[in-house]
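What follows is a set of notes on a single structure, which appears directly below.
The values are calculated or read from the model by the stated rules, or taken from the named source; none is laboratory data. Being a predicted model, the structure only gives us computed values, none of them experimental. Every residue, glycine as well, gets a Cβ built from its backbone with ideal geometry; the counts of neighbours run over all protein chains shown. What goes into the accessible areas is simple: the full protein's heavy atoms, side chains included, and nothing from ligands, DNA or RNA. Shrake-Rupley method; radii C 1.70, N 1.55, O 1.52, S 1.80 Å.
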Amino acid sequence: MIAKSLIEKIMNAALETGGDFAEVFVEDKMNTSIGLVGGKVERSISGKDFGIGIRILQGNNSVYGYTNDHSEEALLKITHQVAQALNGEGNSTILPLRGETFHSVHPIRYAPLDVAKTKKVERMREVYHVAKEYHSSISQVSVGYRDEDQRVLIANSEGTFIEDRRIRTRLSAQAVASNNSEMQTGSYSPGAHKGFELMDELDLSFYGREAARIATTMLHARECPSGQFPVIIDNEFGGVIFHEACGHGLEATSVAKGNSVFSDKLGERVAPDIVTYIDDGTLSNEWGSQNIDDEGERTRKNVLIENGILKGYLIDKLGGRRMGMDPTGSSRRESYKYAPTSRMTNTFIAPGTSSREEIIANTEFGIYAKYMGGGSVNPATADYNFAVNEGYIIRNGKIAEPVRGATLIGNGAKTLQKVDMVGNNLAHGQGMCGSVSGSIPANVGQPTIRVSEITVGGRGQS
Amino acid sequence: MELTQFKELLFQAGEKAGFEEMELYYANGEKFSTKVYNGEVDSYTLATDAGLSFRGLINGQMGYAYTEKIDHSSVQLLVDGAKENAFILDTEDHEDLYSGADSYPALDLFADELENVSPSTKIDFLKEVEKACFARSNKVSSVNYCMLQSFSSDKRIANSKGLDVMDRGNGIFVFVSVVVKDNEDIKSAQKLAISRDFSAFEAEKIANVAVDEALSYLGAESVKSGYYPVIFKNKAAAALLQTFVGSFSADNVHKGKSRLANKVGEKIAGKNITIIDNPHDTKGFSSRSFDSEGVPTKPLHVLEEGVLKTYLHNRKTAKKDGVSSTGHASKASYKGTIGISPSNLYIKAGEESFDHIVSNSKEAIVITSLQGLHSGANPISGDFSLAAHGYLVKNGKILRPVNQITVAGNFFSLLNDVESVGNDLETELPSGGAIGSPSLKVSKLSVGGK
């Protein structure tokens, strides 16, 4: 994508002012996004992201610059400007660039650029029809489709010179159900590190039907009561709570500065022994997987919490320097516009032994969160909040009436202590995770779990 | 490559491919951002970036494509991409290109002096902010975010129907987040300051606001679940308005995604609520002299004394409703298609001071911050159930801080239920627009807690 000789020139220029490590990240990415609303294709846009990011480290400090002008003149100019931020003598040298190759563990059958957009639209229409025809109360259906083909080249002054290609495809179905006075929505958005074969492998009608079913169910649901209750969070996307409330606290970004509740707690008990928490970027073709991270390190399986004991963190190169620890293949970024940092890939709670039915039957009164929505967490306090997209009351060990408008709030570290049942039905859900290095695809996952007590917000009476 | 030359090549290739009308949208900018942590530069980023999008009318539909690689290799990619995109569209509401207006408002959104402030001056200022945070209280355990960003950008839209407009702007902002600790109790608060005048920033003032707010939350507890009068502090009220502002978009109305359908001319809010969109406020950071279709902008009353006056329109939605565009066509960037968004939109300030609203309340909960607005609120129905924190008011006085509560209600009902409108209009800066509100007191909302 850029000549080796130019990369060497850039890195030499980068190290002139005292830097001890230089890195060049080149990205060329084709994107397609199509929107079908009310049965009509009303939006379709495609294009190319392209740019180069240059990072220089000096001890525990980092400076970064980027541009999308790939001329030698522009690249050297931005490199010099960035290098000016450091003070020192240029006594570091660059090692010869080794061309590295690897066998991709994420095989792609149909690169999206080779598939006509009319075919993509056909599949979207299938989803639309299933959702629209689900029930007479479905007033609007939107179907979105995105694919991306990202090629990256990562080179650094330690001799790394490695390329990767990441292809991702995602579908999203959203249904609106309405009656005279109310509108409720349901949605489902599966995705994978795959090409167009994903659309053949997925049971498309399932996603359309689920989106419509959630909307219709919520239209007839009563308002969720507020208070403190046991909460059963179902498998798959339910893992979003621990992603936000624990996963982010295990990233070097917060651990290195001592801002995380998990700082300095390696080897200590942070959860009940039924909880094992893992981040694994190697899972074949999963949404958050990639062969190498955005520093060129191979991704790996990182056990973060094992049987309740804190075992490890997610560490990037700079975080590793600050913590005196080795990187864990966890450095990611949205694009060349961001310096990379420690992030999650596919993060999940490992399966336990209970079945979903057992967990429900063991709960006298509580909330069953079948589908979770999004949420956020304050990194300093670990206080989180999450929306429940489809919820039910559990009464006498049975799923009772549906409830809407439920919000779960609490503190991540404390909620982790209150996990008292873990199911045997691990599944992964797809999301976009936003943090310092931008918005990146990440899987969240878990089996069905029960938390003995969470504060539930809603505006109904119990 | 020079832009005018690129445009000629592009339009030639487009014409050959069968495009009847064509437009180029170009944006470029420079950005500097830096963070300071414990007296050291924690991050430092310099960038120059640019992107270009092409759209054109072919076969009765508008096709879009974009690139960040601006060279010969991209001409065919843009033309072929836009053509394929146009051919799969089957919407009946057709876009066309705008030929331009006779005159455009002249707005001064670029401060030359700001370009002369050096990176080291900016870093020194940030270090001062961080120091001032620690100096304010020994309970400050960390300043976990102390960042500054300055930016300048140019935008140009030129098309084959004669439109050729340019806009330029710059600005700078400082964002600080502090963590305070009292034994096991940890709280945090943030302050954002934004301007085009660097000399207007005062390090101590920015630090003190953030630290004092964080300290005021120490010792917070939940409250008993129930119905309470709620005072949304200006920033929290603005965040709430931002969440539901999409309902004013004509596009959402046409798509069945707004509860305000068929409500123009009707009273949808209390008489004390007036909502204004002002793209000409030179202090605003969503100000613009033309929108993303090149249509000149103008100030607009969206809601006047509770009566809905108009939706926000672009040319496509305006045509459908038989009205004129209100100049609210928007693109998130060159990567987007034409949509609709507000510029600087705010609820008009009332008469009462915030302190007066508090002292007039026997019992109430002041909400200073709402969390999870992207997930705990339904932007279509208006329903929300959100984590929040703030203070408990008893007998006209702030009694203690409150946290771990949720507040739930419906935005559209709430607009009819505002008892007091503050005189403290403040603007928040979420993505896509600058939304402002004064503090609002609502007579009764459901609060979830203990």
Test set (1) at pLDDT 95 or above; (2) at the interface with chain B (Cβ under 10 Å from one of its Cβ atoms); (3) open to solvent by 50 Å² or more (accessible area, probe 1.4 Å) - A:ALA116 fails condition number: (3)
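With the stretch B:391-450 as the region, which strands (runs of 3 or more DSSP E) entirely inside it contain at least 1 residues that are aliphatic (A, V, I, L, M), open to solvent by 10 Å² or more (accessible area, probe 1.4 Å) and closer than 28 Å to B:ALA261 by Cα? Don't jump to the end; show me each part of the working.
Numbers: elements: B:397-410, B:418-421, B:426-428, B:434-437, B:440-448.
Of the strands (runs of 3 or more DSSP E) lying wholly inside the stretch B:391-450, those with at least 1 residues that are aliphatic (A, V, I, L, M), open to solvent by 10 Å² or more (accessible area, probe 1.4 Å) and closer than 28 Å to B:ALA261 by Cα span B:418-421, B:440-448.
Within the stretch A:389-403, does at least one residue satisfy the condition of being open to solvent by 10 Å² or more (accessible area, probe 1.4 Å), in contact (Cβ under 8 Å) with a residue 12 or more places away in the chain and at positive phi? Let's see the steps before the verdict.
As a first pass, look at the stretch A:389-403 and keep what is open to solvent by 10 Å² or more (accessible area, probe 1.4 Å): A:389, A:392, A:395-402.
Now narrow it down to the ones that are in contact (Cβ under 8 Å) with a residue 12 or more places away in the chain: A:389, A:392, A:395-399, A:401-402.
Now restrict to residues that are at positive phi: A:396-397.
Yes: one or more hits.
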One residue is enough: does the stretch B:313-334 have a residue meeting the conditions within 22 Å of the chain's Cα centre (by Cα), among the aromatic types (Phe, Trp, Tyr) and at pLDDT 95 or above? no
I want to confirm something. Restricting to the stretch A:10-25 and keeping residues that are under 21 Å from A:GLU163 (Cβ atoms) and over 22 Å from the mean Cα position of the chain (by Cα), which single residue is farthest from the other protein chains (Cβ to nearest Cβ)? A:MET11
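Just checking: which of the strands (runs of 3 or more DSSP E) contained wholly in the stretch A:359-424 hold 2 or more residues that are closer than 24 Å to A:ALA271 by Cβ? Let's see the steps before the verdict.
Numbers: elements: A:365-377, A:383-395, A:398-404, A:407-411, A:419-422.
Result: A:365-377, A:383-395, A:407-411, A:419-422.
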Only unsatisfied item for A:PRO351, checking (1) assigned to a loop (DSSP other than H, G, I, E, B); (2) within 28 Å of A:VAL422 (Cα to Cα); (3) open to solvent by less than 20 Å² (accessible area, probe 1.4 Å), is (3)
Scan the stretch A:94-119 for residues that are over 18 Å from A:ARG151 (Cα atoms) and touching a Ser or Thr at 6+ places or on another chain (Cβ under 8 Å) and jot them down. A:ILE94, A:LEU95, A:LEU97, A:ARG98, A:LYS117
What are the residues in the stretch B:354-373 that are closer than 11 Å to B:VAL230 by Cα and of a type in the set (Ser, Thr, Tyr), if any? B:SER361, B:THR368
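Table: residues versus (1) at the interface with another protein chain (Cβ under 10 Å from one of its Cβ atoms); (2) in contact with a helix residue (DSSP H, G or I) (Cβ under 8 Å, 6 or more places away or on another chain).
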{"residue": "B:GLU23", "(1), (2)": "no, no"}
{"residue": "B:THR34", "(1), (2)": "yes, yes"}
{"residue": "B:VAL41", "(1), (2)": "yes, yes"}
{"residue": "B:HIS72", "(1), (2)": "no, yes"}
{"residue": "B:ALA86", "(1), (2)": "yes, no"}
Of a type in the set (Phe, Trp, Tyr) and either in a helix (DSSP H, G or I) or touching a helix residue (DSSP H, G or I) at 6+ places or on another chain (Cβ under 6 Å) (or both): does that describe B:PHE151? no
Among the residues of the stretch B:368-398, write down those that are more than 21 Å from the chain's Cα centre (by Cα) and either more than 9 Å from chain A (Cβ to nearest Cβ) or among the aromatic types (Phe, Trp, Tyr) (or both). B:GLY390, B:TYR391, B:LEU392, B:VAL393, B:LYS394, B:ASN395, B:GLY396, B:LYS397, B:ILE398
Given the criterion among the polar types (S, T, N, Q), closer than 18 Å to A:THR32 by Cα and at pLDDT 95 or above, identify the matching residue among B:THR45, B:THR67. B:THR67
Within the stretch B:373-390, count every residue that is closer than 24 Å to B:LYS191 by Cα and either charged (D, E, K, R) or open to solvent by less than 10 Å² (accessible area, probe 1.4 Å) (or both). 4
If a residue has to be within 7 Å of another protein chain (Cβ to nearest Cβ) and closer than 30 Å to A:VAL143 by Cβ to count, how many in the stretch A:39-82 make the cut? 11
